[in-house]
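Novice: Quick one: structure below, then a few questions.
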Amino acid sequence: MNSKFLFLRFLLFVCIGLLFSSCMNVSNNGHDILQNGFDQNHLQINESSSIKKVRGQVLYLPVYSNIPYQEKNRIFDLSAFIAIHNTDFTKTVKITKVLYFNNDGKFVRSYLDKDSVLNPLGATNFFVPEIDKSGTGANFIIEWQADTLVNEPLVESVMIGLTSGQGVSFLSNGKVLREIR
């Protein structure tokens, strides 16, 4: 009985070892991303010169701090967050302005005290609380720059409202107003 117990114990350790080793060896076509880091050269699709590269942009990004529903006098309050994703594999992007305006185009506040650097494939976000009353035409002006040509960042706003058992959520994309190449 003692040898049977030792054998079962040995078998259990072997199974656990195989399980852990199979979980630890996550690979992508033979390249271990966890140990070696991401290398864009291992992607099967090579970089194309037809992809638009720029050195900076000023973007207009709509957000909806509330939306009318049913009748015009009923308002559904929403919270929002602004997501800015650096889509470049190798270069940083510097966020220089995140300015918030209300429905009437009046400046509400700046969300940045100093420039913010996004690492390659990094992201940042900014939050507008549900109690904000800037209106259906609220918007951000976002400015970013890079030292060299980079992939355009992905800039979106995500609005969400969860009130009285109701839920609504949707996205809005930025529009380029100015650009440097």
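The values are calculated or read from the model by the stated rules, or taken from the named source; none is laboratory data. In this text the structure is predicted, and so the values were computed from the model without any measurement. Here Cβ is always computed from backbone atoms with ideal geometry, including for glycine, and neighbour counts include all displayed protein chains.
Novice: Could you say whether any residue in the stretch 93-104 is part of a loop (DSSP other than H, G, I, E, B), surrounded by 11 or more Cβ atoms within 10 Å (Cβ to Cβ) and either assigned by TED's automatic domain parsing to the domain that holds A146 or not aliphatic (A, V, I, L, M) (or both)?
Specialist: Narrowing the stretch 93-104 to residues part of a loop (DSSP other than H, G, I, E, B): 102-104.
Subset that is surrounded by 11 or more Cβ atoms within 10 Å (Cβ to Cβ): 102-103.
Filter once more, keeping what is either assigned by TED's automatic domain parsing to the domain that holds A146 or not aliphatic (A, V, I, L, M) (or both): 102-103.
Looking through the stretch 93-104, at least one residue is part of a loop (DSSP other than H, G, I, E, B), surrounded by 11 or more Cβ atoms within 10 Å (Cβ to Cβ) and either assigned by TED's automatic domain parsing to the domain that holds A146 or not aliphatic (A, V, I, L, M) (or both).
Novice: May I pose another question? Return the residues of the stretch 108-130 that are modelled with pLDDT of 95 or more, among the β-branched types (V, I, T) and closer than 28 Å to F76 by Cβ; say none if nothing qualifies.
Specialist: If the condition is that a residue be modelled with pLDDT of 95 or more, among the β-branched types (V, I, T) and closer than 28 Å to F76 by Cβ, then V108, T124 are the ones that fit.
This table checks each residue for (1) modelled with pLDDT of 80 or more; (2) more than 20 Å from the chain's Cα centre (by Cα); (3) not acidic (D, E).
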residue: Q44; (1), (2), (3): no, yes, yes
residue: V54; (1), (2), (3): yes, no, yes
residue: Y64; (1), (2), (3): yes, no, yes
residue: A80; (1), (2), (3): yes, no, yes
residue: N103; (1), (2), (3): yes, yes, yes
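Novice: Given the structure, is L112 touching a residue at least 60 places away in the same chain (Cβ under 8 Å) and closer than 22 Å to V176 by Cβ?
Specialist: Numbers: touching a residue at least 60 places away in the same chain (Cβ under 8 Å): no; closer than 22 Å to V176 by Cβ: yes.
For L112, the condition - touching a residue at least 60 places away in the same chain (Cβ under 8 Å) and closer than 22 Å to V176 by Cβ - is not met.
Novice: Still on this model: Is it true that some residue in the stretch 133-147 is of a type in the set (D, E, K, R), surrounded by 14 or more Cβ atoms within 10 Å (Cβ to Cβ) and in a loop (DSSP other than H, G, I, E, B)?
Specialist: Here is the first cut: in the stretch 133-147, the ones of a type in the set (D, E, K, R) are 133, 143, 147.
Right, trim to surrounded by 14 or more Cβ atoms within 10 Å (Cβ to Cβ) and you get 143.
Still in the running and in a loop (DSSP other than H, G, I, E, B): none.
Among the residues of the stretch 133-147, not one is of a type in the set (D, E, K, R), surrounded by 14 or more Cβ atoms within 10 Å (Cβ to Cβ) and in a loop (DSSP other than H, G, I, E, B), which makes the answer no.
Novice: What number of residues within the stretch 120-132 satisfy the criterion of being touching a residue at least 40 places away in the same chain (Cβ under 8 Å), not in a strand (DSSP E or B) and not aliphatic (A, V, I, L, M)?
Specialist: Number satisfying all stated conditions: 3.
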